[in-house]
Each structure stands twice: as C-alpha cells, then as structure tokens.
Amino acid sequence: MYKCSNCNSVQSKWSGKCVNCGEWNTLVEQQQSLQNLKNKKKKSTQVNSGAFGVRLLSREEGSNKRFSSGFSEFDRVLGGGFVSGEVILLTGNPGIGKSTLLLQVVGNLIENGSRCLYISSEESFEQINSRGLRVIDVERNKDFNIYTGRIIEEAIDVALQSEKYDFVVIDSISTFVSNDYDGVFGGIGNIKTVILKILDYAKTTNTTVLVVGHVNKEGAIAGPKLLEHMVDALIFLEGDSHHDYRMLRSEKNRFGSSGEIGFFEMEEKGFKEIKNPSELFVSKLTQGKPGVVVGSAIEGNRCLFFEVQTLLAPSFPQQVRRIPQGISHNRLVILSAVASKYLKLKLENFDIYLSIAGGLKVDDPAIDLSVIMSIYSAKKGVPIAHETLWIGEVGLSGEVRRIRNIEKRIEEARGLGVTKVYTSILYEKEHKGVEITGLKNITDILSTK
Ligand code: TYD
Ligand code: MG
C-alpha cells in the first residue's frame with residue numbers, strides 16, 4: 001500500500017506521480033504487518049463477558065429501577081416505564097417521527113431530573129436543534145446534551161467521560177461504524193459490532209439506551225435477526241400516511257408484556273398522546289350508514305373499539321375480488337364465504353372491500369362477528385346502530401364461539417354508549433345497563449331484530 005503525502009489517497013502500486021492529485025514523488029509505502037492486522041482482529045472480539053460467577057436468586061430488585069418516559073402512552077408500551085440498564089430498539093419507516101418522539105421523551109426525562117444524552121449519526125447539530133426548538137421548551141431543558149458523530153467508540157467515550165447518564169438515545173444504529181470492524185459499511189457485521197458495544201455500555205453502566213433502527217422495504221428490521229434477540233425490548237412506531245396519528249407497539253419486551261399499543265397524534269409541535277383512541281375510531285358521521293359496524297379487539301391490556309366498514313360492488317365475471325384492509329385476506333375470504341352460505345347473501349357476483357377504519361391492523365378473532373354483520377348490512381342495505389356491538393369468533397359452520405375478556409369488553413363498550421351486545425350464547429346473562437343477546441349460530445341473526 002502506498003499513501004500520497006499530499007492528498008492522502010491510498011494506492012496499491014508505486015508510481016512517480018500520484019494518480020489522484022498529480023503531484024510527483026509523494027507516494028510513501030505504508031507498513032501494515034500481519035501482526036498488526038492480527039492484533040486488530042483480536043481487538044474486535046474483545047467484549048466484556050458480562051459474567052459475575054454463580055449467584056443466588058434474590059428478593060432484591062437490584063438496581064433495575066423504573067422511570068417514566070413522561071408519556072403515559074409510551075410507558076404503557078414499555079410495561080410501566082423505562083428500566084435502567086435496558087436496551088430498547090425502536091424502529092419504523094423513515095419520516096414516521098422516531099427522532100421527533102425521542103427528542104420529546106428526552107425533554108420529558110430532563111424535566112423530571114434525569115441526565116440524558118442524545119447521540120445522532122444521522123443529523124447535524126443544527127438540524128436537531130431546530131427541531132428541538134419546535135417540540136420542546138428550551139428554558140426547561142437547559143441540560144439537553146446532544147452529540148453528533150459516526151464512530152460508536154467515540155460516542156461511547158463521550159458518554160463515559162461525563163457524569164453518569166440515566167438515558168441515552170442512539171439515532172440510528174445503521175449509520176454508526178465501529179473502529180473495530182473492517183468490513184463493508186452498513187453491512188450486517190458492522191451492525192453486530194456496534195450493537196455489542198452498545199449493550200456492553202448499557203449493562204456495565206446500568207444506563208438505559210434507546211437505539212433507533214431502520215426498516216427495509218418489506219417492513220422488516222434492517223440488520224441481522226440477531227439484533228432482535230440481543231435487545232431487551234423491540235418497539236415499532238407505525239401509522240399510515242393518510243392519518244396524523246401514530247401507534248407505538250411492543251413486539252418483544254423482557255420487562256413487560258408484548259403487544260401493548262400506545263397512541264399519539266402528530267401535530268405542529270410534535271407528538272401529543274391520545275388517551276382515548278376508541279373515540280377517534282368510532283365516528284358520528286358514519287352513524288346509520290349500511291356496511292358500518294362497531295367492532296372490538298383486545299390489544300395488550302387495552303380494549304379498542306373501531307368501525308368495520310364494507311363496500312360491495314358488482315364484479316366483472318370470473319374476477320370476484322375480496323380486498324381487506326386491517327384484517328388478513330384469508331380471513332375475509334373465509335368469513336365472506338361463511339356469511340354467504342349461512343345468511344343466504346349471494347355474494348358470488350360482488351367484490352368486497354372491507355376496511356378497519358383508522359388504519360388499525362387487527363388479529364383478534366372476536367371481530368369475526370362484526371365483519372360478518374358489516375357484510376350483511378352492506379348487502380341488505382340495512383344500517384346497524386352504533387349503540388350495538390357484535391363480538392364473537394365465528395367457525396366454519398357458522399357457530400359463534402367464546403372469546404377472551406368478554407367482561408372487560410362489555411364494561412368498556414358501555415363507557416362508549418353501547419346498550420346492546422350480540423355475542424356467543426355462552427355469555428347470555430344480565431350485565432349492568434347492557435342488554436346481551438346470545439347467538440348460537442350466525443343463522444340466529446336472521447331472527448333477531
Ligand atoms: P422524524 O422525526 O424526522 O422521522 P424519523 O426520525 O422517523 O425519520 O419526523 C419527520 C416528520 O415529522 C416530517 O415529515 C415532519 C413531521 N413533523 C411534524 O409533523 N410535526 C413536528 O412537530 C415535527 C418536528 C415533525
Ligand atoms: Mg430520524
């Protein structure tokens with residue numbers, strides 16, 4: 001290897017004139033012995049083993065303390081707040097609002113007396129600062145520490161040199177490089193080396209670290225699968241481009257239950273929490289419109305209500321389509337077949353467009369009955385009152401099955417103004433102020449009023 005002493009370019013062959021800058025006699029041979037390379041390789045595998053020897057299970061919680069993010073919706077997803085020493089991976093599409101949300105979280109933490117550092121490898125100090133001015137109160141955030149850089153060892157050194165931090169943001173893992181990694185930038189090996197360093201820092205200093213990750217085109221986390229296994233919690237920030245609200249969802253959480261959802265609204269001045277999302281998803285405008293039925297799903301510990309909407313349109317011959325949004329395609333195909341057969345709907349010449357309004361994605365089988373009612377209502381042109389709730393899993397022979405947490409759903413539905421619930425016959429009993437009609441099979445729908 002030869003390096004030009006004028007322009008620093010590196011060339012593999014010696015020549016009198018530097019091919020890069022055109023200066024003469026500037027190429028100097030670089031000594032890079034095998035021993036050197038070996039030492040370097042060895043260094044990259046030197047991570048703290050994290051072992052303490054055998055210890056006994058103890059009553060003491062130790063130093064793992066919880067602290068609030070300042071957003072109750074975020075705390076819910078975390079299982080009750082951040083835990084000191086945990087490493088969380090937050091991912092989501094570009095522009096969805098990850099950096100904005102984290103700036104606000106750091107702002108909240110500082111106001112509550114925590115020491116925080118915001119490390120960014122993606123944006124300049126000026127960019128972060130100007131957004132910060134928009135979303136946080138600078139007067140109350142005088143200790144807002146920002147560091148920008150691209151080398152993970154340097155960033156961690158900065159964090160270590162200062163007084164101990166309680167919370168550190170790393171935005172984002174994919175744009176960091178490690179001095180101990182010689183391979184391709186942005187490659188899997190690079191991300192692995194970087195996350196090992198971060199884990200090491202978090203666990204040895206008992207600092208909570210929130211790492212931002214990217215998602216690729218298919219919506220999966222960019223980087224090795226290993227990344228998901230190594231972190232303590234994995235959180236997605238989602239939403240669709242037509243709505244201003246965002247959902248924060250935990251996919252994995254070593255310190256709480258997964259599947260929890262938090263709701264936020266993106267405004268001029270950053271994120272605002274939505275504490276009562278069902279009010280947002282059930283609209284007064286669609287009251288009395290055929291094809292619109294209120295459905296319910298349990299996500300984590302929360303019971304959500306939303307509209308299931310169906311539109312039927314005559315289809316081209318031999319081209320019947322079933323197009324769902326918010327439930328799986330298979331589910332819509334099966335449920336429309338069940339509805340067609342047992343409710344005698346004759347859907348074979350109709351395209352079905354079904355959507356869970358508001359962009360929610362639902363897997364809870366309890367919505368089967370509301371999906372079927374929505375199709376029924378659209379086909380017959382009969383409106384279904386918003387004060388009624390249809391919940392239950394529906395089997396292939398049309399039987400209405402049991403679902404989990406029926407009490408909780410009825411209780412919360414009552415709060416939304418629901419007065420009548422249609423569900424499995426198993427639950428037919430009095431419930432304070434709510435009339436419950438039990439159905440054995442969906443054919444019973446034909447005889448209900
Ligand atoms: P950003 O936090 O940069 O997203 P990410 O880090 O996930 O890539 O979010 C950028 C988007 O958010 C941008 O399109 C503008 C919008 N935004 C608001 O609507 N309100 C705000 O107060 C801010 C700061 C951004
Ligand atoms: Mg960002």
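Every number in this text was worked out from the coordinates using simple rules, so none of it is lab data. Not measured: the values here are computed from a predicted model. Cβ: placed from backbone, ideal geometry, glycine included. Neighbour counts: every protein chain shown.
Odds and ends about this structure:
- Taking the Cα centre of region 104-207 as reference, the dipole from Cβ charges on Lys and Arg (+1) and Asp and Glu (-1) amounts to some 220 debye.
- No disulfide-compatible partner, judged by a Cβ distance under 4.7 Å, exists for the following cysteines of the chain: Cys116, Cys303.
- If you run the Gaussian network model on the chain, springs between alpha carbon atoms under 10 Å, then out of Glu29, Glu279, Glu126 the most flexible one is Glu29.
- Helix 34-44 vs. the chain, principal-axis angle (Cα, 0 to 90°, nearest 10): 40 degrees
- Taking amide hydrogens as placed 1.01 Å from N in the peptide plane, the amide H of Glu23 sits under 5 Å from those of Cys18, each at least 5 positions away in sequence or on another chain.
- Computed over all pairs of different Cα atoms, the Kirkwood value for the hydrodynamic radius of region 172-306 is 17.8 Å.
- Neighbour-count ranking [beta-carbon atoms within 10 angstrom, fewest first] of His386, His243: His243, His386
- A compact globular protein would have a Cα radius of gyration near 2.2 N^0.38 Å; the ratio found for the chain is 1.26.
- Intensity falloff of region 66-275 expressed as log10 I(q)/I(0), Debye formula with alpha-carbon point scatterers, at q = 0.17, 0.19 Å⁻¹: -1.23, -1.60
- Taking the number of Cβ atoms within 10 Å of each Cβ as an exposure proxy, the fewest-first ranking of Phe167, Phe67 is Phe67, Phe167.
- Each residue in Ser58, Ser99 was given a count of other beta-carbon atoms within 10 angstrom of its own, and listing them fewest first yields Ser58, Ser99.
- Contour excess over end-to-end distance, with Cα ends at Gln30 and Ile323 and 0.36 nm allotted per residue: 99.1 nm
- Pairwise alpha-carbon distances in region 68-126 exceed 14 Å for 64% of all pairs.
- Note on region 279-447: semi-axes of the ellipsoid equivalent to its C-alpha gyration tensor, largest first and rounded to whole Å, are 24, 17, 14.
- Computed E for Asn216/Glu23 - FRET, C-beta separation, R0 35 angstrom, nearest 0.05: 0.20
- Taking Cα atoms only, the orientation of helix 188-205 departs from the longest principal axis of the chain by about 90 degrees.
- Along each principal axis, Cα extent of region 233-324, largest first, Å: 53, 29, 25
- Applying D = kT/(6 pi eta Rh) to region 320-414, where Rh is the Kirkwood radius over alpha-carbon pairs, T corresponds to 25 °C and eta to 0.890 mPa s, the Stokes-Einstein value obtained is 176 µm²/s.
- Protection-proxy order for peptides 105-117, 290-302, each taking the mean of Cβ atoms within 10 Å per residue, highest first: 290-302, 105-117
- Nonlocal Lys pairs with alpha-carbon distance under 15 Å, region 66-275 (8 or more apart, or different chains): 5
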